[in-house]
1. From 316, 306, 301, grab the single residue that is more than 18 Å from residue 213 (Cβ to Cβ), at pLDDT below 75 and not small (Gly, Ala, Ser).
2. Could you go through region 68-82 and let me know if any residue there is closer than 17 Å to residue 145 by Cβ and not assigned by TED's automatic domain parsing to the domain that holds residue 246.
3. Could you tell me whether region 111-119 includes any residue that is assigned to a helix (DSSP H, G or I), within 17 Å of residue 91 (Cβ to Cβ) and in contact (Cβ under 8 Å) with a residue 60 or more places away in the chain?
4. Looking at residue 36 and the list (1) surrounded by fewer than 19 Cβ atoms within 10 Å (Cβ to Cβ); (2) free of Cβ contacts under 8 Å to residues at least 40 places away in the same chain; (3) farther than 20 Å from residue 140 by Cβ, which single condition is not satisfied?
5. Let me confirm something: among 203, 271, which residue is in contact with a Pro (Cβ under 6 Å, 6 or more places away or on another chain), under 19 Å from residue 321 (Cα atoms) and of a type in the set (A, V, I, L, M, F, W, C)?
6. Every residue in region 230-270 that is more than 12 Å from residue 186 (Cα to Cα), modelled with pLDDT of 85 or more and among the hydrophobic types (A, V, I, L, M, F, W, C), please.
7. Working only within region 114-123, note down all residues that are modelled with pLDDT of 85 or more and touching a Lys or Arg at 6+ places or on another chain (Cβ under 9 Å).
8. Identify all residues within region 242-277 that are over 22 Å from residue 183 (Cβ atoms) and either of a type outside the set (S, T, N, Q) or touching a strand residue (DSSP E or B) at 6+ places or on another chain (Cβ under 6 Å) (or both); write none if there are none.
Amino acid sequence: MFRPLSQRRRFSDLSEQEVLALAISSEEDDARIYRTYAERLRADYPASARVFDGMAEEEDEHRRRLIEAHEARFGTLIPLIRREHVAGYYARRPVWLVENLSLERIRAEAERMERDAASFYTHAAKASTDTATRQLLGDLAAAEAGHEASAAGLSDAHLGDGAREEEAATAHRQFVLTWVQPGLAGLMDGSVSTLAPIFATAFATHDPHTTFLVGLAASVGAGISMGFTEAASDDGQISGRGSPIKRGLATGIMTTLGGLGHALPYLIPHFWTATIIALIVVFVELWAIAWIQNRYMQTPFLRAAFQVVLGGALVFAAGALIGAG
């Protein structure tokens, strides 16, 4: 099981030709990654896509200079050596792991890539015995260390105030569509729809333990159902609502939490104490829903509060009446 590890070379054992070959393949990979970021962002963030296009061009220039240095010293045949062939060498995340990241996370990932590359060139320059190669590697270390400043310069060129505001608005809209709307729908469903079975059971049995079990089952069941329904209803490709997995998780988790909020008080063995605390929790949940609607959906607070409190009161009354009957 350890055989693949034994076949990896230590960086300190690489020849200078292999170090240059490794640098060439790394620059080629980084350029591809930046172009992938650019294509991933082009539709929603065209200005940031141009930033990553510019960064890819810089990586291409670094690769060109490295190839020239290799040809001058070792000829045109470049050994095939890649990151995964070297033990302890910095890795790059697969592209599919960053496809659904936010714009800020993608930028942070790019900054990490630049720091890794700068560290590599610094160590490679120290190990080089050829003056020209050492100078080139040192220059590239400085270039990568200053790549963040370069990226800022590219951002200044392509991201004016208007573009920044537009991209911020787009990012906010995506956050709302992917997380807030599904989560709010789940919280509303979990908080309101479970009121009837929980309080019907409470007033019918006056047994906190039974009420808690019914509330737990209703909350978890509703969370699973809502989560799968949200994930399966829209893949996000046409609607632009984002990853169905993220939306399903947001809906399912918030549905479960919404129901558990007023089920957990029934862990208290005293019926009326548990019921009063559960009612207080319901009040807090409903006002939280109204606040989220006002904060992220621009719904007037009083209207949101009226709608949510009225709906919750009607469901609670139905459950209490059914349970009491």
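1. Values: 306 fails: at pLDDT below 75; 301 fails: at pLDDT below 75.
So the residue among 316, 306, 301 that is more than 18 Å from residue 213 (Cβ to Cβ), at pLDDT below 75 and not small (Gly, Ala, Ser) is 316.
2. Within region 68-82, not a single residue is closer than 17 Å to residue 145 by Cβ and not assigned by TED's automatic domain parsing to the domain that holds residue 246.
3. At the first step, the residues of region 111-119 found to be assigned to a helix (DSSP H, G or I) are 111-119.
Restricting the remaining residues to those that are within 17 Å of residue 91 (Cβ to Cβ) gives 111-119.
Checking which are in contact (Cβ under 8 Å) with a residue 60 or more places away in the chain leaves us with 113, 117.
Within region 111-119, one or more residues are assigned to a helix (DSSP H, G or I), within 17 Å of residue 91 (Cβ to Cβ) and in contact (Cβ under 8 Å) with a residue 60 or more places away in the chain.
4. In the conditions (1) surrounded by fewer than 19 Cβ atoms within 10 Å (Cβ to Cβ); (2) free of Cβ contacts under 8 Å to residues at least 40 places away in the same chain; (3) farther than 20 Å from residue 140 by Cβ, residue 36 misses (2) alone.
5. Values: 203 fails: in contact with a Pro (Cβ under 6 Å, 6 or more places away or on another chain).
On inspection, the qualifying residue turns out to be 271.
6. 245, 260, 263, 264, 267, 268
7. If the condition is that a residue be modelled with pLDDT of 85 or more and touching a Lys or Arg at 6+ places or on another chain (Cβ under 9 Å), then no residue fits.
8. Within region 242-277, 265, 266, 267, 268, 269, 270, 271, 272, 274, 276, 277 qualify.
The values are calculated or read from the model by the stated rules, or taken from the named source; none is laboratory data. Fair warning: this is a prediction, and the values are worked out from it, not measured in the lab. Cβ atoms come from the backbone with ideal geometry, glycine included; neighbour counts cover every protein chain shown.
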